[in-house]
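What follows is calculated from the coordinates using simple rules that are stated; it is not laboratory data. What you are looking at is a predicted structure, and each value in this text was computed from that prediction instead of being measured. Using ideal geometry, Cβ is built from the backbone for each residue, glycine included, and neighbour counts are taken over all protein chains shown.
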Amino acid sequence: LSPAADSLLPCGDPGSSPRFTFAIDLRTNAMTTAGASPAPAIRAWLLDSIGAEARASAASLARYGVAWAPGAGVGSGARESGAVAVYGVKPVRYNGYAAHDAPLAVYGVVSCPAAMARLVAGVVTRHPLLPARVAGGLPTARLVGLAVTDPWGRELYRSGPSESPSGYAGDSAATAGSIVVRAWLPPEVAGRLVVAEPGARLPLLLGLFALTAALTAVAALQFRREQELVRLRQDFTSSVSHELRTPLTQILLFGETLELGRAGGEDARREAVGVIVQEARRLAHLVENVLHLSRAERRMVRVNPSAAPLAPLLREIVERFAPLAGADAVRIRTELDESLVALVDADALHQIVINLLDNAIKYGGQGVVTLRATLRSGAARIEVEDAGPGVPAAERSRVWEPFVRLQPDGGVPGSGIGLAVVRELVAAHGGTCGVETASQGGARFVLELPGAGRLDTARASHTSTEVAWPAS
C-alpha cells in the first residue's frame, strides 16, 4: 500500500500528525507501519478501534471506512493529537471467493484532519451540485451553502453563502461515525431557481387507462381462443375415439367369426375378409391424416413434386377410394383433361383427393359427386363437387382449420382434420384452396396447383366417366 499511496491524503501542515500507512494482521493483532512512526496513542487507537471492531463484528464490518481519532479536528489546538484513518478490510479467501465472517487484515492510511478537509473541498469545487438548467447560469458558490463536519461536529470545510441555514437545508451522512455534509439555500436564492411545473396528468392517466383496457381485451380474447381450442380438441378426441372404435369393432367381429369357423361357406368367408380389409384401410386413412396434421403443426410437411399426367393419377385414386366408400349409395363422376400435366407429389395428391371425396360423401347426401380437373391460367384446377347443403359463406374459411366441424352433433362421423390436412399439403405445393357454391346448390371444393400445362397444347381432350357404389 505504501508506494501506491504516496499522493493519498497528503498532510503537509507543520505541527500536524505525521502521515503513514498501516496494516493490522487480525490473526495475531500485529500492526506494521510504513512512513512516519505513529505516536503510541495513535497506535493504540488503531488497534483498539479498528482491529478490535473487525474481530468482534466481522459480519457487519464494512469493506472500507473512515475512522476519526478522539480530539481530531482542524483547529490549531487539536492538530498534534488529531488523526483520521482511511482503511479497507481484506477477507479470507478460499479458491478466489471471500469467506463470510472471516476478515484477515486491515490496511489503511493515517493523516491529519486537514488533509480530509482539503479532499472534501476539492471534490465539492470540481463537481457542480446543481444542473445548469436549474441553476439559471448562477455559480454554485452563490446558490448553495455547504458545511462539512467531522462526527463530533467540528467543521472541516465551509463555502457558499455565509447566512445561517434556512428552511431550505438538509444533512447527509454515509454511515454512522462518518463526516456530515450540510447544504442550504438562502431564501432569496430559492425563489430564483427554475423548477419545471408538473404538467397535467389527465392525458397520461387516460393513456394508461386505454392501454390497460386494450391489454385486458387482448387477454380476454386469448383466453376465449384458448377455451375454444380446448373445446375443439375435446371434440376431436371424442370423434377420433368413435371413428377408431367402429372399424375396430368390425375387424374384431369378423376376425372372431373366421377364427371360430362360423362363416357359413366360401362367400361368407370372402365377405368377412373384405370387411376386415375395408375397415383396416379406413383405420390407415385416419392414422395417415393424424400424422399429416402432426407434421403440419411442427412445420415438417415435405413434398417432392414432379411433372406427371393428372388424369391417370386421379382415376387411380377414385378406384382406391372405393373400399373407403363402403356401402354408401353414391356415384362419382370424373371429368378429366387427359392432356393436363402438373407438378405434384403422387402420395400427397392421393391424400388430398381421398380427403375431399370422403368429405363430399359424408356431407353431400346421396347425390352425385363430381371430380373435375382442368387447366386455368397455368395452374391445375381440381374440383370436388357434391349435391349437399353446401357451406355457408361465413364458414368457408373456418372449414380448413383443424378440429372444425360444421355439424358436430349432426350424426355425421368425422374427426375434423381432413380438410386441414388438404390445406397444408396444397400449401406445400405452393397452391391455394377454397370453397364455392356448386351449380346444383352444393359445395364445390377447389384446389389450384401451380406449374401445370398440357402435353398437346394444340387441342385438349376430355374424358367423362361415372362410377357407382355399391356395385349392383
Exercise. With a point put 7 Å past each Cα toward its Cβ, work out how far VAL301 is from LEU229 in nm, to one decimal.
Key: 1.8 nm
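Taking 0.36 nm per residue of separation and subtracting the Cα-Cα distance, what length does fully extending LEU47 through ARG398 add? Write out the running numbers ahead of the final one.
Numbers: separation 351, 0.36 × 351 = 126.36 nm, distance 8.44 nm.
Full extension from LEU47 to ARG398 adds 117.9 nm.
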Quiz item: Extension gain THR28-ALA428, at 0.36 nm per residue separation less the Cα-Cα distance, in nm?
Solution: 136.0 nm
Self-check item: Karplus-derived 3J(HN,Hα), 6.51/-1.76/1.60, for each residue of segment 255-272, Hz, glycine and proline x
Solution: x, 5, 4, 5, 5, 8, x, 8, 6, x, x, 5, 5, 5, 5, 5, 5, 5
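Using 0.36 nm times the number of residues separating LEU283 and GLN366, minus their current alpha carbon distance, what extension gain do you get? All intermediate terms of the calculation are to be shown ahead of the outcome.
Numbers: separation 83, 0.36 × 83 = 29.88 nm, distance 2.36 nm.
My answer for the length gained is 27.5 nm.
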Quiz prompt | Peptide ranges 440-449, 202-211 listed from the most packed, as the mean C-beta count within 10 angstrom indicates | solution = 440-449, 202-211
Quiz item: Karplus couplings for segment 37-52 from phi (6.51 cos²θ - 1.76 cosθ + 1.60, θ = phi - 60°), rounded to Hz, Gly and Pro as x?
Solution: 7, x, 5, x, 5, 5, 5, 5, 5, 5, 5, 6, 7, 9, x, 5
